[in-house]
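Working notes, beginning with the structure itself.
The values are calculated or read from the model by the stated rules, or taken from the named source; none is laboratory data. Note that the structure is predicted; figures quoted are calculated from it, not measured. Note: ideal-geometry Cβ built from the backbone for every residue, glycine included; neighbour counts use all protein chains shown. We work out accessible area using only protein heavy atoms, side chains counted, and drop any ligands, DNA or RNA first. Shrake-Rupley method; radii C 1.70, N 1.55, O 1.52, S 1.80 Å.
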Amino acid sequence: MTLFAKSPNHLLEQTSPYLKQHLYNQVRWYPWGKEAFLKAKKEHKPIFLSIGYSTCHWCEVMNKESFENPHIASLINRYFVPILVDKEQMPDIDSYYQNIYKKIYRKKGGWPLTIMMSENKEPFFIGKYIPSIDSYGVLGLNHLLPIYGKAYRDKKGLIDKKIAFFKKVIAKSENNQTVSKNDTIDILYKEFDKEYGGFGKKKKYPQSAKLNLIYDIYLLKGDKKAKEIFFKTLTSMAKGSIYDQIDGGFFRYTSDRAWKSPHFEKMLYTTAELLPLYLKAYHLKNDKIYKSVVIKSIELFDTHFKTKEGLYFSASSADSNGIEGGYYLYRYNKALKTLTKHGIPKKEALATLKYLDIEKDGNYDSEYALARITSNKKPKNFDKSLNLLKKTRDKREFPFIDKKIITSWNAMMIKAKLQASLINKTYKKEAIKSLKALLKLMQDGKKLYHQTLYGTKPKHKGLLEDYTYLIDTLLEAYRQTFDKTYLINANQLANIAIQKFYTKGVWYLNEIKTIKADTDDFYYTSAKSIMIKDLLNLSLLKESLRFREIAKKSLQNSYQNPAYSPQIADDALMLKYGILVLKSSKTNLLKFADNISNLPYPFLLQKAINDKNFLLCGYDSCFVYGDFEKIKKYFKIK
């Protein structure tokens, strides 16, 4: 039975779309903050913490099964002080508890994340999605809540033992883990799925940071294994169902190893981190499939996710009209009828549906099919057929879009679009407009904000990830335009970030320095790893020994396992092989932009100076001077 409360709970003043979705739950939710913690201490009640986000399918399942269920809600309210957190609004809080889950279970967590903890915020239970009633051998909330609630009240000694166990596990440092002495590429090749690409044999995430590291290794060493992993994975994803063949853009992950069964959420960060990799693949191989991925994906996000100012919304839901993936699926007969009705000969229509694996008995379930590419040869009139299938979708309700503007994720997408200007010059102008809009909204002098709901004034303080990704994008904007204001701003933000988030070799996710930054790049590249890269690049562009020393110390204090922290491994390669900077006049650098992009070195910066010739420099000296032919000769390009 599902009932809604007649009056709102304690989330009324919140702007988060996720928290608003739970406003009329019968669970008397509080936002994360002093009011909830004071209530827990005053009433000596444990805390029930749930972390999720608005476009999360299983968060919505748990909401309908449990939080809208009068019986489960009454149990939560009776025994606990319930707190709800939007992980996109508070990624620092989410990261802290995800790390606890990972240490307890020795595997990654996810969402929704469910934590029970003492009135002093000491965890004694952690899980992910929990059913409302017992199922598949798992205790449901109907049993778990009274068990732990009564134990906290009547058998505190048992809870104290649980708390002590959690504290012991949490205290274990990731740096104590044994790191393989094998070569980086051998470690990653061991994880590589040689049949389908990607990493692992079960659920597949893109893991862009690993692919970026592998690309850099390929450029540096010409390693054949690196080449195989890079192109096999990108091609498999581009042809698979993790990529939306009709509209473009990537889903967050697939539940199988063959990229066939996606979880239908589209997160801004997923596509934003993949686009530069497809640009690199296209640059090396000139295969149109890579170029198409970039163009279609940008078109999707510009059409459905971009505001009139040029800012980007955070994500779209998996569900449409209550059906998971409903917007994206096709029935064979209806698809065939649509194509033939609009002038596609039946033979060509059948060939198109076969090419896209849209079959009579479905490929997603017994009735529905999800498009993926099954061969290398496109049927006749394919583009027209694809457009007709797209128009079929346009009549459906587009999935819910979370209209949060997140600084770090916007920075990622803007950087990707700047880099994509190599294949479409208009992207640069559009990306610069977006960057200016982001700075106008989220930067107030020396203050940076993390996120805000579109149309509202930001008030959440910037986190480490916002500074790192914005610096990264400002450096890309400088490289594309040689406008010094971008370099000056990046330098200023780096200094502020050090002041706010860094102490004696340790980086923190938040200003109050309560949550240490890790280097886990699984979902998207970690803030700490990007900050080290930022500082290494700025140390050369701004000739700052201080930045270089902080970066080196940060790297020494990081867990260096390429399977877990590929960007850290890439940062280490930057130091080992050396960052180079190509200097010349702004006119020269813009004129030779395409030629410079062909230089086969992954750690090459550019800086505008008052000189008609080119200089190639490292940290200590400049060692090539002359026209561009001399630069090409150094890199052994004919």
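Before moving on, here are some points about what is shown:
- Dividing the summed -39500 (n - 2.57) terms of all DSSP H runs of n ≥ 4 by the residue count of the chain sets its mean residue ellipticity at 222 nm at -15000 deg cm²/dmol.
- Accessible area expressed per residue, the chain, with surrounding protein chains retained (probe 1.4 Å, Å²): 44
- Whole-Hz Karplus values for the range 281-291 come out as 5, 5, 4, 7, 10, 6, 8, 5, 5, 5, 5 Hz, taken residue by residue from phi with 6.51 cos²θ - 1.76 cosθ + 1.60 and θ = phi - 60°; glycine and proline positions read x.
- Pairs beyond 22 Å (Cα-Cα), from LYS266/LYS415; LYS404/LYS542; LYS266/LYS459: LYS404/LYS542; LYS266/LYS459
- Packing-based ranking of 562-568, 362-368, 620-626, 277-283 yields 562-568, 277-283, 362-368, 620-626, ordered from highest to lowest mean Cβ neighbour count within 10 Å.
- The order of the peptides 348-356, 433-441 by mean Cβ neighbours within 10 Å, most packed first, is 348-356, 433-441.
- Residues whose amide H comes within less than 5 Å of that of PHE125, counting only those at least five positions distant or on another chain, are MET116 (H built at 1.01 Å from N in the peptide plane).
- Debye intensity ratio I(q)/I(0), log10, the range 1-77, q values 0.17, 0.19, 0.27 Å⁻¹ (C-alpha model): -0.66, -0.82, -1.45
- Inter-site label distance for LYS6 and ILE609 at 7 Å from Cα along Cβ, in nm: 7.6
- A simple rule links phi to the HN-Hα coupling: the Karplus curve 6.51 cos²θ - 1.76 cosθ + 1.60 with θ = phi - 60°, which for the range 18-29 gives 5, 5, 5, 4, 10, 4, 10, 4, 6, 5, 7, 4 Hz, with x for Gly and Pro.
- Cβ-Cβ FRET estimate between LYS161 and TYR619, R0 fixed at 56 Å, reported to 0.05: 0.55
- For the listed peptides 229-236, 591-598, a ranking on the average number of other beta carbons within 10 Å per residue, highest first, reads 229-236, 591-598.
- Per residue, the convex hull spanned by the Cα atoms of the chain amounts to 166 cubic angstrom.
- Structural descriptor for the range 390-492: relative contact order 28 percent, calculated from alpha carbon pairs under 8 angstrom and at least 6 residues apart.
- For SER320, distant residues with modelled amide H under 5 Å away: GLY325, GLY326, TYR327
- Taken over the range 74-231, the alpha-carbon convex hull comes to 158 cubic angstrom per residue.
- The range 452-457 - phi-based ³J(HN,Hα) in whole Hz, Karplus 6.51/-1.76/1.60, Gly and Pro as x: 7, 6, 3, x, 10, 7
- Accessible surface of the range 1-143, 1.4 Å probe, proportion on carbon and sulfur as whole %: 56
- Lysine pair count for the range 35-139 with Cα-Cα distance under 20 Å and sequence separation of 8 or more or different chains is 18.
- To the nearest 10, the accessible area of PHE199 is 10 Å² with a 1.4 Å probe.
- For LYS576, solvent-accessible area (1.4 Å; no DNA, RNA or ligand), Å²: 150
- FRET efficiency for ILE496 and GLU13, using Cβ-Cβ distance with R0 set to 41 Å, rounded to 0.05: 0.90
- Note on the range 574-615: with neighbouring protein chains present and a 1.4 Å probe, carbon and sulfur make up 49 percent of its accessible heavy-atom surface.
- Over 16 Å [Cα-Cα, the range 375-476], rounded percent: 66
- Per residue, the convex hull volume that the Cα atoms of the range 260-331 enclose (Å³): 123
- Whichever aspartates and glutamates have a C-alpha closer than 15 Å to that of LYS202, once near sequence neighbours (fewer than 8 apart) are set aside: GLU191, ASP193, ASP256
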